[in-house]
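Below is one structure, written out as structure tokens; comments come after it.
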């Protein structure tokens, strides 16, 4: 590994770990400021980690009808930080693995589409722009799963197979959650399993992103 490659890996790893840190900080602040209300109980107080969706934190008006300007700001910031981290992770997988040019190009394009879709989610509140919000969610998730599947394959054939195993758990839960989300849109119902699975996927995703960031930052030492 050349010195330039090592520096590039460390910078990308630092950017990824920084994105994770920013997400956690902004997410905690958004949760603390959220007035209340879920899709199951509009009168509940505060943010319910099992019944609220992540995107509920981005709503300028909480589900209980109270204003949420400060919480929405941090909620949007948290989603953008996580979105950036996911894009860094896809690029990181390309560096940790040995992709062909065509595969690398495919992952980069899918990562860009995923970033655009997810970045649009907090800008299209479901209470105001429901249809656009749904399109943004599905676009970001589908493109992300597409790019992620190739990223997992690359990691699987690299010295970082354990990270690939963690990634598989992320995508299994995400696939299940995306399927339930699509069904809920078609059926007009919101099952409790949807926000609960989203929370599990979120925890696993943060761990996976942190693992890729750590591997990039320490790659020169780990592959010796």
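The values are calculated or read from the model by the stated rules, or taken from the named source; none is laboratory data. Keep in mind the model is a prediction, meaning the values are calculated, not measured. Note that each Cβ is placed from the backbone with ideal geometry, even for glycine, and that neighbours are counted across all protein chains shown.
Among the residues of segment 68-78, write down those that are surrounded by 23 or more Cβ atoms within 10 Å (Cβ to Cβ) and under 16 Å from residue 21 (Cβ atoms). If you could, list the steps in order and put the result at the bottom.
Taking segment 68-78 as the starting set, the residues that turn out to be surrounded by 23 or more Cβ atoms within 10 Å (Cβ to Cβ) are 68, 71, 75, 78.
Matches in segment 68-78: 78 only.
Taken as a whole, segment 125-134 holds no residue that is in contact (Cβ under 8 Å) with a residue 24 or more places away in the chain, assigned to a helix (DSSP H, G or I) and crowded, with 22+ Cβ neighbours inside 10 Å.
Picking from 53, 40, 73, which residue would you name as being within 17 Å of residue 198 (Cα to Cα) and more than 17 Å from the chain's Cα centre (by Cα)? None of the other options fit; the residue is 40.
Only a single item in (1) part of a helix (DSSP H, G or I); (2) at pLDDT 90 or above; (3) surrounded by 15 or more Cβ atoms within 10 Å (Cβ to Cβ); (4) in contact with a helix residue (DSSP H, G or I) (Cβ under 6 Å, 6 or more places away or on another chain) is not met by residue 51, and it is number (1). Among residues belonging to segment 190-224 that are at pLDDT 85 or above and not in a helix (DSSP H, G or I), point out the one that is surrounded by the fewest Cβ atoms within 10 Å (Cβ to Cβ). It comes out as 192. So, residue 168, is that one loosely packed, with under 13 Cβ neighbours inside 10 Å, within 15 Å of the chain's Cα centre (by Cα) and either in a helix (DSSP H, G or I) or without any contact (Cβ under 8 Å) to a residue 40 or more places away in the chain (or both) or not? It is false that residue 168 is loosely packed, with under 13 Cβ neighbours inside 10 Å, within 15 Å of the chain's Cα centre (by Cα) and either in a helix (DSSP H, G or I) or without any contact (Cβ under 8 Å) to a residue 40 or more places away in the chain (or both). Among the residues of segment 54-67, those identified as surrounded by 19 or more Cβ atoms within 10 Å (Cβ to Cβ), at pLDDT 90 or above and assigned to a loop (DSSP other than H, G, I, E, B) are 62, 63.
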